[in-house]
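K.L.:
I have a structure here, written as structure tokens, and I will follow up with some questions on it.
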Amino acid sequence: DAKTTQPNSMESNEEEPVHLPCNHSTISGTDYIHWYRQLPSQGPEYVIHGLTSNVNNRMASLAIAEDRKSSTLILHRATLRDAAVYYCIPGGLMYSGGGADGLTFGKGTHLIIQP
Amino acid sequence: DTEVTQTPKHLVMGMTNKKSLKCEQHMGHRAMYWYKQKAKKPPELMFVYSYEKLSINESVPSRFSPECPNSSLLNLHLHALQPEDSALYLCASSLEPHEQFFGPGTRLTVL
């Protein structure tokens, strides 16, 4: 599995954009980049994933560097509800040989949102 | 129904007890997972079931025994646990590999 480096914590103000960086310099060519988040006292929650191109969904945007060694999760307008630990998870996660792959979580970034 | 349910929410057990954790989903997902999360640490994968068959066991001690009776249910049988096994046990399921749906977890305390 590719090793990831994320800031331990970041702080932002409510209603401002947040850019959460992740370095994954050992990522393989077939690994997707996944982002999950874990709100306090809840299970993790899928946010977004991508392979090479930038991706948008209703929750966030994912910007992937051209060399794929880093990516940035963008929350366009942070709310207090976005305060969580954000995990960047590279992985192929293919169903191969009849089996599925689990997620390998790193330490993540603790995002603090100030009102 | 778009959720994964886990019971019980909390469990306290002694080291000689036998107990089971239950996980259920009705989304037609073909893969189900058990993760363990110690306080202030990230989740760690324990087991993966695909099409009701165990496909991944991440070198978990035999005192943890998973079972998948049908495509909607996943159990984790616990026997002779140690205090260091106290943790939040998370179940997840997925239809396609990139988006896993997690339950709220069972908080286990071993005395």
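A short reminder: the numbers here are calculations on the coordinates, not readings from a lab. Everything numeric in this text was worked out from a predicted model, so none of it was measured. Here the Cβ is made from the backbone with ideal geometry for all residues, glycine too, and neighbour counts use every protein chain on show.
K.L.:
If the cut-off is 27 Å between C-alpha atoms, which lysines fall inside it for B:Lys9, apart from same-chain ones fewer than 8 positions away?
P.N.:
In chain and number order, the partners are A:Lys107, B:Lys18, B:Lys19, B:Lys22, B:Lys36, B:Lys38, B:Lys40, B:Lys41, B:Lys53.
K.L.:
Let me ask something else about it. Which one of B:Phe102, B:Leu74, B:Leu45 has its Cα pushed farthest toward the positive end of the charge dipole of the stretch B:42-111, where Lys and Arg give +1 and Asp and Glu give -1 at the Cβ?
P.N.:
After comparing all options, I get B:Leu74.
K.L.:
Further, regarding this structure: Mark the label point 7 Å from the Cα of A:Lys3 along Cα→Cβ and return the residues of the stretch A:15-45 whose backbone N is within less than 15 Å of it.
P.N.:
A:23-28
K.L.:
Taking the stretch A:33-92, which trypsin sites (Lys or Arg not before Pro) meet the DSSP loop condition and have no more than 12 other C-beta atoms within 10 Å?
P.N.:
The qualifying sites are A:Arg58, A:Arg77.
K.L.:
What net charge do the residues around B:Val110 carry, taking every other residue with its C-beta under 15 Å from that of B:Val110, with Lys and Arg at +1 and Asp and Glu at -1?
P.N.:
Residues near B:Val110 contribute +4 overall.
K.L.:
Which of the cysteines found in chain B have nothing to pair with, since no other Cys Cβ lies under 4.7 Å from theirs?
P.N.:
B:Cys68
K.L.:
In whole Hz and in residue order, list the ³J(HN,Hα) couplings for the stretch B:54-61 that follow from phi through the Karplus curve 6.51 cos²θ - 1.76 cosθ + 1.60, θ = phi - 60°; x for Gly and Pro.
P.N.:
Each residue's phi maps through the Karplus curve to give 5, 10, 9, 10, 7, 6, 7, x Hz.
K.L.:
Also: DSSP loop trypsin sites (Lys or Arg not before Pro) in the stretch B:11-111 with at most 12 other Cβ atoms within 10 Å of their Cβ, which ones?
P.N.:
B:Lys40
K.L.:
Taking only C-alpha pairs under 8 Å that are 6+ residues apart, what is the relative contact order of chain A in percent?
P.N.:
36 percent.
K.L.:
Pick out, from A:Ile89, A:Pro40, A:Pro17, the residue whose Cα sits farthest towards the positive end of the charge dipole of the protein assembly as shown, with +1 on the Cβ of Lys and Arg and -1 on the Cβ of Asp and Glu.
P.N.:
A:Pro40
K.L.:
When Cβ neighbours within 10 Å are restricted to other protein chains, what is their mean count per residue of peptide B:88-97?
P.N.:
Mean inter-chain Cβ contacts per residue within 10 Å come to 4.
K.L.:
Across the stretch B:28-35, in residue order, what do the Karplus-derived ³J(HN,Hα) couplings come to in whole Hz, using 6.51 cos²θ - 1.76 cosθ + 1.60 with θ = phi - 60° and x for Gly and Pro?
P.N.:
Going residue by residue, I get x, 6, 9, 10, 9, 9, 10, 10 Hz, with x marking Gly and Pro.
K.L.:
Largest first and to the nearest Å, give the Cα extent of chain A along each principal axis.
P.N.:
48, 32, 25
K.L.:
Arrange the peptides B:5-17, A:12-24, B:82-94 so that the one whose residues have, on average, the most other Cβ atoms within 10 Å appears first.
P.N.:
B:82-94, A:12-24, B:5-17
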